[in-house]
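Participant: Okay, here's the structure, questions in a sec.
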């Protein structure tokens with residue numbers, strides 16, 4: 001098919017309202033990008049005419065999402081993960097090898113238009129890295145030999161569908177099971193058991209059980225799930241929505257990938273249970289763009305549920321129990337993991353966080369009451385409905401009931417998924433995953449907490465060390481400044497740019513971290529880091545800005561000796577080499593005499 005035919009087919013009239021079509025704009029663009037390798041100008045024009053909106057607004061949307069482009073990317077669009085966990089495994093050298101073999105510069109399409117090589121933020125394959133995306137498909141466990149094989153396939157113009165299947169293998173790597181993942185409870189949500197409990201009782205009874213269980217959101221914020229569902233149920237409206245946040249963008253987190261791969265039926269059961277409780281007729285799974293390879297398997301699970309009468313009209317034969325789920329793809333924007341940004345993206349907009357209040361439970365998707373919960377939360381809710389509150393409360397602590405899935409990677413022998421009762425010590429986790437000679441642990445991803453190994457007696461719980469699931473290990477051979485530098489660049493790249501504290505403060509902080517890494521920072525710069533970080537935490541518009549300085553501030557607070565050892569011994573030094581900056585001028589003029597250099601006093 002030509003690009004014109006592809007575009008016409010994707011944006012063919014659907015018979016829905018303009019508002020509904022407008023909310024599909026990002027999905028149209030994702031489909032066009034996937035099939036054409038970019039968004040052609042005529043597609044922008046047709047969409048602008050069809051949706052009666054300025055073309056500039058569509059271009060602004062394309063510019064916001066990292067996976068959308070107005071210029072061709074070629075038949076092979078390669079994105080290597082730039083996460084620190086991949087760096088630990090040698091991804092930077094592999095990127096150089098790949099570019100050298102293919103004759104490309106990062107981010108620049110090759111002259112023949114066949115291939116583009118670039119980097120992307122964490123791909124969610126941290127336990128099987130280094131990893132990359134190829135036309136939206138994951139290739140894990142990259143090695144020198146595998147890179148050479150990939151280059152040979154590209155130069156031979158081999159269709160991706162003909163590449164070795166083992167390239168695309170992604171394992172679950174479940175290392176420890178407890179309440180949610182145990183084989184004993186596997187059947188708890190099969191064949192709609194949670195929905196049958198709902199129909200045998202009622203929404204209030206389910207709410208009572210969820211509240212009694214103490215279930216709190218597993219995405220990191222920890223808001224009480226039963227309370228959220230009750231608020232949505234009580235909100236005055238004729239329309240309500242249920243949204244599953246599967247935009248797992250926090251570096252080092254990959255538990256939702258595993259749940260969607262092997263436990264999707266339980267996740268959808270939890271969403272449908274929630275819909276029956278709050279009175280919603282429509283649900284959305286917001287799937288991060290890096291997990292596009294899961295799209296078809298997830299759609300197959302949805303079809304199976306419809307065939308079994310667990311989705312659609314009159315679920316399980318109950319008149320009025322109508323609910324269905326649609327999958328929306330993200331397009332490479334970390335900020336969309338924040339629930340109000342996710343809702344904006346669902347509506348086909350840039351993922352700019354909303355002012356709150358009002359909160360999504362009363363004014364969410366399309367300004368209607370909306371429940372937004374994490375993948376793990378919906379799965380837990382479905383099992384609680386069947387097995388009861390006491391079953392769930394048998395694990396955990398009084399404030400943090402149940403279990404937590406941890407995504408463990410980094411310097412350990414056994415990376416993967418570990419399910420623990422809340423309250424487990426960091427020391428126990430380190431022992432179980434085979435971590436030795438540990439220097440530091442990064443809990444809850446880039447936005448989380450950097451802890452020295454001396455703090456390994458602390459516990460994973462909302463009342464102590466809270467986490468959405470990421471647990472990275474760094475041994476004594478690692479330079480923690482590499483991690484902090486990676487995170488500071490990550491936050492600048494992922495900032496939505498809406499507020500000044502995050503947009504400007506993040507860039508200033510990144511520059512100061514670079515200065516420290518390069519050996520030019522002084523005590524004055526350390527003071528600047530603390531001041532800028534404190535301002536960002538107080539004044540940023542959303543959680544991204546307020547948590548972005550965490551890695552820097554934790555480094556200064558918990559590892560002062562490391563910082564001190566890297567400071568320049570002077571009152572002030574510039575962040576760059578002044579003499580080196582004049583090299584281009586010397587090359588142009590042909591001068592290299594002493595007068596063409598800046599003399600440095602010693």
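Participant: Considering only residues that are in a loop (DSSP other than H, G, I, E, B) and over 18 Å from the mean Cα position of the chain (by Cα), which ones fall in region 241-284?
Facilitator: Residues satisfying the conditions are 263, 279, 280, 281.
Participant: If I filter region 487-510 down to residues being more than 12 Å from residue 547 (Cα to Cα) and in contact (Cβ under 8 Å) with a residue 60 or more places away in the chain, which single residue comes out as surrounded by the fewest Cβ atoms within 10 Å (Cβ to Cβ)?
Facilitator: 493
Participant: Which residue out of 93, 88 is exposed (fewer than 15 other Cβ atoms within 10 Å of the Cβ) and within 25 Å of residue 129 (Cα to Cα)?
Facilitator: The unique qualifying residue is 93.
Participant: Would it be correct to say that residue 58 is more than 22 Å from residue 249 (Cβ to Cβ) and buried (at least 21 other Cβ atoms within 10 Å of the Cβ)?
Facilitator: yes
Participant: Determine, yes or no, whether residue 220 is assigned by TED's automatic domain parsing to the domain that holds residue 181, closer than 26 Å to residue 445 by Cβ and in a loop (DSSP other than H, G, I, E, B).
Facilitator: Considered against the rule, which asks whether it is assigned by TED's automatic domain parsing to the domain that holds residue 181, closer than 26 Å to residue 445 by Cβ and in a loop (DSSP other than H, G, I, E, B), residue 220 comes out as yes.
Participant: Could I ask something else about it? Exactly one condition in (1) in contact with a strand residue (DSSP E or B) (Cβ under 8 Å, 6 or more places away or on another chain); (2) surrounded by fewer than 19 Cβ atoms within 10 Å (Cβ to Cβ); (3) assigned to a loop (DSSP other than H, G, I, E, B) is false for residue 468; which is it?
Facilitator: (2)
Participant: Please work out which one of (1) assigned by TED's automatic domain parsing to the domain that holds residue 407; (2) part of a helix (DSSP H, G or I); (3) surrounded by 24 or more Cβ atoms within 10 Å (Cβ to Cβ) is the condition residue 454 fails and give its number.
Facilitator: Answer for residue 454: the failing condition is (3).
Participant: Is it true that residue 77 is over 30 Å from residue 442 (Cα atoms), touching a strand residue (DSSP E or B) at 6+ places or on another chain (Cβ under 9 Å) and not in a helix (DSSP H, G or I)?
Facilitator: So residue 77 passes the test.
Participant: With respect to the numbered conditions (1) more than 19 Å from residue 237 (Cβ to Cβ); (2) in contact with a helix residue (DSSP H, G or I) (Cβ under 7 Å, 6 or more places away or on another chain); (3) assigned to a strand (DSSP E or B), which one is the sole condition not fulfilled by residue 326?
Facilitator: (2)
Participant: Same structure again: Do the conditions hold for residue 113, that is, is it within 21 Å of residue 151 (Cβ to Cβ), in contact (Cβ under 8 Å) with a residue 40 or more places away in the chain, over 19 Å from the mean Cα position of the chain (by Cα) and not in a strand (DSSP E or B)?
Facilitator: Yes, satisfied.
Participant: Is there a residue being closer than 23 Å to residue 66 by Cα, surrounded by 21 or more Cβ atoms within 10 Å (Cβ to Cβ) and at pLDDT 95 or above anywhere in region 518-534?
Facilitator: No, region 518-534 has no match at all.
Participant: Restricting attention to region 414-434, and to residues there that are part of a loop (DSSP other than H, G, I, E, B) and in contact with a helix residue (DSSP H, G or I) (Cβ under 8 Å, 6 or more places away or on another chain), which single residue is farthest from residue 251 (Cα to Cα)?
Facilitator: Within region 414-434, the match that is farthest from residue 251 (Cα to Cα) is 414.
Participant: Return only the number of the condition from (1) in a loop (DSSP other than H, G, I, E, B); (2) crowded, with 24+ Cβ neighbours inside 10 Å that residue 382 does not satisfy.
Facilitator: It is condition (1) that residue 382 fails.
Participant: Just one of 344, 413 is surrounded by fewer than 24 Cβ atoms within 10 Å (Cβ to Cβ) and in the same structural domain as residue 459 (by TED's automatic domain parsing); which is it?
Facilitator: Every option except 413 fails the conditions.
Participant: If you don't mind, another one. Being part of a loop (DSSP other than H, G, I, E, B), under 24 Å from residue 230 (Cβ atoms) and touching a helix residue (DSSP H, G or I) at 6+ places or on another chain (Cβ under 7 Å) is the filter here, so list the residues in region 331-361 that pass it.
Facilitator: 338, 354, 356, 360, 361 - these are the residues of region 331-361 that are part of a loop (DSSP other than H, G, I, E, B), under 24 Å from residue 230 (Cβ atoms) and touching a helix residue (DSSP H, G or I) at 6+ places or on another chain (Cβ under 7 Å).
Participant: Consider region 223-240. How many of its residues are within 22 Å of the chain's Cα centre (by Cα) and either over 13 Å from residue 378 (Cα atoms) or assigned by TED's automatic domain parsing to the domain that holds residue 449 (or both)?
Facilitator: Counting residues in region 223-240 that are within 22 Å of the chain's Cα centre (by Cα) and either over 13 Å from residue 378 (Cα atoms) or assigned by TED's automatic domain parsing to the domain that holds residue 449 (or both) gives 1.
The values are calculated or read from the model by the stated rules, or taken from the named source; none is laboratory data. Note that the coordinates shown come from a computational prediction; the quantities given were computed from them, not determined experimentally. Backbone-built Cβ (ideal geometry, glycine too); neighbour counts: all protein chains shown.
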